[in-house]
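Down below is the structure, laid out as structure tokens.
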Amino acid sequence: MPIDLHAHTTASDGTFSPRELVAHAKELGLNAIAISDHDTIFGWEEGIEAGRELGVRVVPAIELSVSDENGKFHLLGFFPNHTNLEGTQLGEAVKELQRERDERNTRIYTNLEKLGVPVSPQRVREIAGGGAQIGRPHIAKAIIELGKATSVQDAFDKYLDAKSPAYSSKAGLTPREAVALIHDAGGIAVWAHPTRQPSERAGILDFDEGAALIPKWIEWGVDGLEIYYGAYTPEEAAWTLDMSLQFNLLGTGGSDFHGSTKPNVPLAQVNGGTSVPDEVLENLLSWRK
Ligand code: AMP
Ligand code: FE
Ligand code: FE
Ligand code: ZN
């Protein structure tokens, strides 16, 4: 049975609650689903409980935003043996990321106000839902409500993208730091969607550029590459698979499902309409033994 090792919930910028996500996975006949929210593990508890009830294996995961002089990247950490990160350095780092994110959001609100787009932080919190971490996709929805953008993509293009006027960056972990934190917590570190920079506007990474980055990731200690992905073209799928084999890296994969935040990305579909085989999870589970 297929699996999906990359999905977001209302704990970050997805629109399905952890329970709804697991129920959707069950509906599609998935064997396992990873809850991999941006910079938070808030969805794990509810998801793991739902998984137990519904008979779907829930893999606790996180998608960290990392950057250094080599660029901005997303790094997945998989923690099959954890139900929370209490007592780990990574758990502490995630709390710090949360504070930095809150401060960054406040700067974005100020920038938007100056641009004549007075989004209400209170309204953004409502859009994000209780307890969830606020991200730019939530702010984008508030901008749409104000009539200042026609879609999430339009709001990013006009205001929120890294190259757009309301953007503000947040301090974060370097890839090397993040890999070390994941390993320290007993996790497996995977470079997420290597051919896609975190900003969707950046498009597909030049393969030669990507190939030059892989030895750096190996030096930073990464365990694997995402070789199946919802948005991959056949060329990206072939290239990432080839890289994983050439460099002896674990291959993982998932859709990057976000619910209606990314309406064109259905759960469990990767590489142009196929699914992630079960053995990917088996390889993941045996990787660090
Ligand atoms: P944040 O964590 O607040 O920085 O927001 C990150 C989220 O915004 C991710 O889910 C990205 O997929 C989304 N995102 C980033 N850049 C863009 C863009 N240019 N267009 C649409 N979505 C984007
Ligand atoms: Fe996202
Ligand atoms: Fe990502
Ligand atoms: Zn993701």
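The values are calculated or read from the model by the stated rules, or taken from the named source; none is laboratory data. Everything numeric here is computed off the predicted structure, so don't read it as measured data. Reconstructed Cβ throughout: ideal geometry from the backbone, glycine too, with neighbour counts over all protein chains shown. We work out accessible area using only protein heavy atoms, side chains counted, and drop any ligands, DNA or RNA first. Shrake-Rupley method; radii C 1.70, N 1.55, O 1.52, S 1.80 Å.
So, D154, is that one within 16 Å of ligand 2 (Cβ to nearest atom) and either in contact with a Leu (Cβ under 9 Å, 6 or more places away or on another chain) or modelled with pLDDT of 95 or more (or both) or not?
No, not satisfied.
Of the residues G47, G29, G55, G71, which single one is on the phi > 0 side of the Ramachandran plot, away from ligand 2 (no atom under 16 Å from the Cβ) and touching a Lys or Arg at 6+ places or on another chain (Cβ under 9 Å)?
Numbers: G47 fails: on the phi > 0 side of the Ramachandran plot; G29 fails: touching a Lys or Arg at 6+ places or on another chain (Cβ under 9 Å); G71 fails: touching a Lys or Arg at 6+ places or on another chain (Cβ under 9 Å).
Answer to the selection: G55.
Results for (1) open to solvent by less than 50 Å² (accessible area, probe 1.4 Å); (2) within 16 Å of the chain's Cα centre (by Cα), shown as yes or no for each residue.
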position	(1), (2)
R57	no, no
D68	yes, no
G71	yes, no
L75	yes, yes
E86	no, no
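Could you grab me the full set of residues in the range 182-202 that are closer than 16 Å to S164 by Cα and over 15 Å from the mean Cα position of the chain (by Cα)?
Within the range 182-202, R201, A202 meet the criteria.
For the range 144-178, what are the residues that are surrounded by fewer than 20 Cβ atoms within 10 Å (Cβ to Cβ), outside any loop (DSSP other than H, G, I, E, B) and not polar (S, T, N, Q)?
I144, E145, D154, D157, K158, R176, E177 - these are the residues of the range 144-178 that are surrounded by fewer than 20 Cβ atoms within 10 Å (Cβ to Cβ), outside any loop (DSSP other than H, G, I, E, B) and not polar (S, T, N, Q).
Give the range 1-17 a look and list any residue that's over 14 Å from the mean Cα position of the chain (by Cα) and open to solvent by less than 10 Å² (accessible area, probe 1.4 Å), or say none.
Passing the criteria: only I3.
I want to confirm something. Restricting to the range 9-38 and keeping residues that are at pLDDT 95 or above and among the charged types (D, E, K, R), which single residue is nearest to ligand 4 (Cβ to nearest atom)?
In this case the residue turns out to be D37.
Can you tell me which of A93, A50 is away from ligand 3 (no atom under 16 Å from the Cβ) and open to solvent by less than 10 Å² (accessible area, probe 1.4 Å)?
Exactly one of A93, A50 is away from ligand 3 (no atom under 16 Å from the Cβ) and open to solvent by less than 10 Å² (accessible area, probe 1.4 Å), namely A50.
Let's see how each residue does on (1) without any contact (Cβ under 8 Å) to a residue 12 or more places away in the chain; (2) over 30 Å from A166 (Cα atoms); (3) part of a loop (DSSP other than H, G, I, E, B):
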site: R52; (1), (2), (3): yes, yes, no
site: E96; (1), (2), (3): yes, no, no
site: R104; (1), (2), (3): no, no, no
site: Y109; (1), (2), (3): no, no, no
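Working only within the range 154-208, note down all residues that are free of Cβ contacts under 8 Å to residues at least 24 places away in the same chain and more than 15 Å from ligand 3 (Cβ to nearest atom).
Passing the criteria: D154, A155, K158, S164, D206, D208.
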